[in-house]
Ligand code: FCA
């Protein structure tokens, strides 16, 4: 029989060994737009996982294909075993997979799913994204409910569809919103496309301004798009042409600082609400999944889709607390 001392020693050695192993684990977290609050939050929660498990997290911003390539080489050179990435362009898919393989790095994507040359998702790469259509529908439903509450006649309402059609999740999000709006009686011919060159507020502002100038006879406006930045851009555009907050209903997707700051302003703006998604799941959980894959050979599920919850000025604190992201 082994003595108690031997057992204690053996388990102490095992513990030390696993702690030492965790210290050797290095995971990259590469994002396309580091300045966007959503990605800052993802990083924050990924750090939390790193602290808990004792691995090293390497955060890299990569806003174009070239930066992505060098980020992956860099991770390989510094001995990382895997990385999570939100890519600047989903069409980089096959190139990213090849680079990861060449550097012997495990790969998982977050938010934006890689596609192949045929435009179809690369299903072998584990991915965590949002339930884009459903979340878009929530956006559309909340706008429709608010149109009703304000007593607007549907024929007097124009919609700014801030679009970024090269990104499938963006298409699904706005399509979801349009489906719900149409179901509520919104007129399809009153929906105007505002294609943005980039997924930030400035690009959305420029795109929305063109629509507003072209249709200056429209009485009331609504706006939806890929994220909070898209809708904030449309709201800023409406303000700049003198549309008052009570004639604009914008609902974003995200719920990070950009949206929350809007709710904190002393009086309501045209940014009516946001569907809060979970940076905790997208940051903490993906990092943890990657760690399990490296340390315990537990491969992540191939596809995880997360949900969202609508929040408006009056209840965002409660909604955030419920999601564990205050
Ligand atoms: C995309 C968008 C981000 C965020 C994320 C979940 O990457 O560009 O703003 O909405 O999906």
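Values quoted throughout were computed directly from the atomic coordinates according to the rules given, and no laboratory measurement underlies them. The shown structure was predicted, so the numbers you read here are calculated from the model rather than taken from an experiment. Neighbour counts run over all protein chains shown; Cβ positions are idealised from the backbone, glycine included.
List of remarks:
- 0 to 90° range, to nearest 10: angle between helix 228-240 axis and the chain longest Cα axis: 30
- Taking label points 7 Å from Cα along the Cα-to-Cβ direction, residue 189 and residue 35 give a separation of 4.1 nm.
- Contour excess over end-to-end distance, with Cα ends at residue 305 and residue 63 and 0.36 nm allotted per residue: 84.7 nm
- Rounded to the nearest 500, the 222 nm mean residue ellipticity of the chain from helices alone is -14500 deg cm²/dmol, with -39,500 (n - 2.57) taken per DSSP H run of at least 4 residues.
- Look at the Cα gyration tensor of the stretch 21-119: its axes a ≥ b ≥ c give a/c of at least 1.5 with a/b at or below b/c, and that counts as oblate.
- 11 Å cut-off, amide nitrogen to a point 7 angstrom out along residue 179 Cα→Cβ, residues in the stretch 120-160: 132-138
- Residue 146 paired with residue 91, simple spin-label distance in nm, labels 7 Å along Cα-to-beta-carbon: 3.4
- Förster radius 30 Å - calculated FRET efficiency between residue 298 and residue 166 (Cβ-Cβ, nearest 0.05): 0.35
- For the stretch 153-247: rounded, prolate or oblate by the Cα gyration tensor [a/c cutoff 1.5]: oblate
- Share of alpha-carbon pairs per 20 Å distance bin for the chain, given as whole %: 31, 49, 16, 3, 0
- Computed from Cα atoms, the angle from the helix 93-102 axis to the main principal axis of the chain rounds to 10 degrees.
- Zone of residue 241's modelled label, taken as backbone nitrogen in the stretch 164-191 under 16 Å from a point 7 Å along Cα→Cβ: 190-191
- Measuring r between the beta carbons of residue 70 and residue 197 and using R0 = 30 Å, the FRET efficiency lands at 0.80.
- For the chain, the longest principal axis of the C-alpha atoms and the axis of helix 37-53 are separated by about 20°.
- Pairwise FRET efficiency - residue 23 versus residue 153, Cβ, R0 = 51 Å, nearest 0.05: 0.20
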